[in-house]
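Read the structure below first, then the notes.
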Amino acid sequence: MARTFSNEEASLNPGERARLADLARTSIRKGLCGERLAVRPEEHGPGLCAVRASFVTIEVEERLRGCIGTLEAHRPLVVDVVENAYSAAYHDPRFPALTWPEFERLSLHISILSVPEPLAFESEEDLLRQLRPGVDGLILAEGHRHGTFLPAVWHALPDPREFLRHLKHKAGLPPEYWSASIRVARYTAESIR
C-alpha cells in the first residue's frame, strides 16, 4: 500500500532518481508507438511508492516542449511521473504531440514537489519579503483563477516582484493586480535531470 510523503522525509537516493528518469523516458517512447507504459508501484521501493506530486518538463534543444504535473499528491510517485511524462509529451495543450525526431533530442526535467504550505501575509510587500528566490515554487489563487511556477522558473525570473507579476499573469490576472483575498502557498522541489 502506498504511503503519504511528508516534507521531513529524505530525498530519493541516486538509484531511485535514475529509475524515475528512465521510466519517464520509456513512457514517452512507448507513446510514440501508440502504447502506454503501465507500472506496478509494488515492484518499486518505498521511495517511489510514496504518494507524492510531480511535474515533468520536456525541452527540445533548450526550448520548452511540454510541462504537465500535479500539485496535490494523490497517487504513488512512480505512477505520477510516468503519467505526467506521457501527458507532457502528448497532451500539453500548448504544443502538438511529440514526434520521433524530437524524442531523439529531448531532455527531461522531473520536479518532485514537497507538500504545499500556505503563506500568511498582510500585503503584497509582505509576501514579497517572504519569498525565497531559487527555492520556492508558488501556487497563487484568486477565486477560480490559479497558477503555479516551479522553483526552476527563478532562473528566468530572478527578481521576486517580476516572478510574482508573471505568476499573476499566468493565473489570468493583471500583473499589477492585488486583493486581500489572494491565496499563496509555497513548495520546494527535488530536481531530477
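The values are calculated or read from the model by the stated rules, or taken from the named source; none is laboratory data. Since we're looking at a predicted model, the values are computed, not measured. Backbone-built Cβ (ideal geometry, glycine too); neighbour counts: all protein chains shown.
When you scan region 162-174, how many residues do you find that are out of contact with any Leu (no Cβ under 6 Å at 6 or more places or on another chain) and either modelled with pLDDT under 95 or surrounded by 13 or more Cβ atoms within 10 Å (Cβ to Cβ) (or both)?
7
Could you tell me whether ILE192 is more than 25 Å from GLU16 (Cβ to Cβ) and buried (at least 16 other Cβ atoms within 10 Å of the Cβ)?
no
Only one of LEU157, LEU119, LEU138 is on the phi < 0 side of the Ramachandran plot and surrounded by 19 or more Cβ atoms within 10 Å (Cβ to Cβ); which?
LEU138
Please verify whether region 78-87 includes one or more residues that are surrounded by fewer than 18 Cβ atoms within 10 Å (Cβ to Cβ), among the aromatic types (Phe, Trp, Tyr) and more than 18 Å from SER191 (Cβ to Cβ).
no
Pull out all pairs, ordered by first then second residue, where Cβ-Cβ is under 6 Å, the residues are six or more apart or on different chains, the first lies in region 23-35 and is assigned by TED's automatic domain parsing to the domain that holds ASP80, and the second is exposed (fewer than 15 other Cβ atoms within 10 Å of the Cβ).
Listed pairs, sorted by first residue: LEU32/TRP100.
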